[in-house]
1. Can you tell me which of His114, His132 is surrounded by fewer than 15 Cβ atoms within 10 Å (Cβ to Cβ), under 17 Å from the mean Cα position of the chain (by Cα) and of a type outside the set (Val, Ile, Thr)?
2. Being hydroxyl-bearing (Ser, Thr, Tyr), at pLDDT 85 or above and either in a helix (DSSP H, G or I) or more than 24 Å from Leu15 (Cα to Cα) (or both) is the filter here, so list the residues in the range 54-113 that pass it.
3. Taking the condition over 16 Å from the mean Cα position of the chain (by Cα), more than 20 Å from Gln66 (Cβ to Cβ) and not in a helix (DSSP H, G or I), does Ala47 pass?
4. Would you mind finding the one in Ser7, Ser78, Ser50 that is of a type in the set (S, T, N, Q) and closer than 26 Å to Pro119 by Cα?
5. Considering only residues that are of a type in the set (Val, Ile, Thr) and at pLDDT below 90, which ones fall in the range 148-198?
6. Confirm whether Lys127 is part of a loop (DSSP other than H, G, I, E, B), more than 23 Å from Val190 (Cβ to Cβ) and of a type in the set (Lys, Arg).
7. Among the residues of the range 1-27, how many are loosely packed, with under 11 Cβ neighbours inside 10 Å and either touching a residue at least 12 places away in the same chain (Cβ under 8 Å) or within 25 Å of Ala65 (Cβ to Cβ) (or both)?
Amino acid sequence: MVWTHTSKSDSRRILLDAVTNIKVRFNAQVIFIHTDNETSLDMEFQAELSAQGITIETSAPDTPAQNGHSERKGGILSTKARTMRVAAGLPTYQWPEIMCAAGYIADRTPMQKHRWKTPYELATGKKPSLQHLKAYGCKAYLLDKEIGQKHKIWKLTERAHIGHLVGYDSTNIFCIWISSQRKIIRTRDVTFDETAFY
């Protein structure tokens, strides 16, 4: 699971969302969080987490070696995301969606050190479905449900937006970037052309 933010001030909200998400999705209690001495996570916030039974441990200032595992995982995820972005030809400002998609795919990738089980499988006890995965960044034709509902339309008016796959919300909800509108739409009503990219 990946959460992104553009401002350090969002760290508190993101961390609380992550804790809540883990509780709800996996019926698990977070008991320990290790951070890199992030200054936006002040003593008041640490007390709030402590009240929930969560222990916070921070590394020494300017010592990334103490965050070795996290730094390495972040580097691997960044490499996957960069490769996906370049292969799909997507613009760099789509980085939050691309990072989340890379995390989604990584969570469904078998790992040798876990006897070829996926992180998803380790967390849920179920094998992940991969049938919904499409070529990342491929062209997507998104049905526009509003056409015809609000206005009487001409018979030859287009009834779909053309976009590109930038992420997954679940096995049947896709995140489609409509470049002409500069927005991302979550939908299940979409047809993909996995031979065409941005």
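1. Residue meeting the stated conditions: His132.
2. Initial filter on the range 54-113 (hydroxyl-bearing (Ser, Thr, Tyr)): 55, 58-59, 63, 70, 78-79, 83, 92-93, 104, 109.
Narrowing the set further to residues that are at pLDDT 85 or above leaves 55, 78-79, 83, 92-93, 104, 109.
Ser78, Thr79, Thr83, Thr92, Tyr93, Tyr104, Thr109, listed by residue number.
3. no
4. On inspection, the qualifying residue turns out to be Ser78.
5. Residues satisfying the conditions are Ile153, Thr157.
6. When the stated conditions are applied, Lys127 passes them.
7. So the answer is 2.
The values are calculated or read from the model by the stated rules, or taken from the named source; none is laboratory data. Bear in mind that the values here come from a model prediction, so they are computed numbers and not experimental data. In this analysis, Cβ positions are derived from the backbone assuming ideal geometry, glycine residues included, and neighbour counts consider all displayed protein chains.
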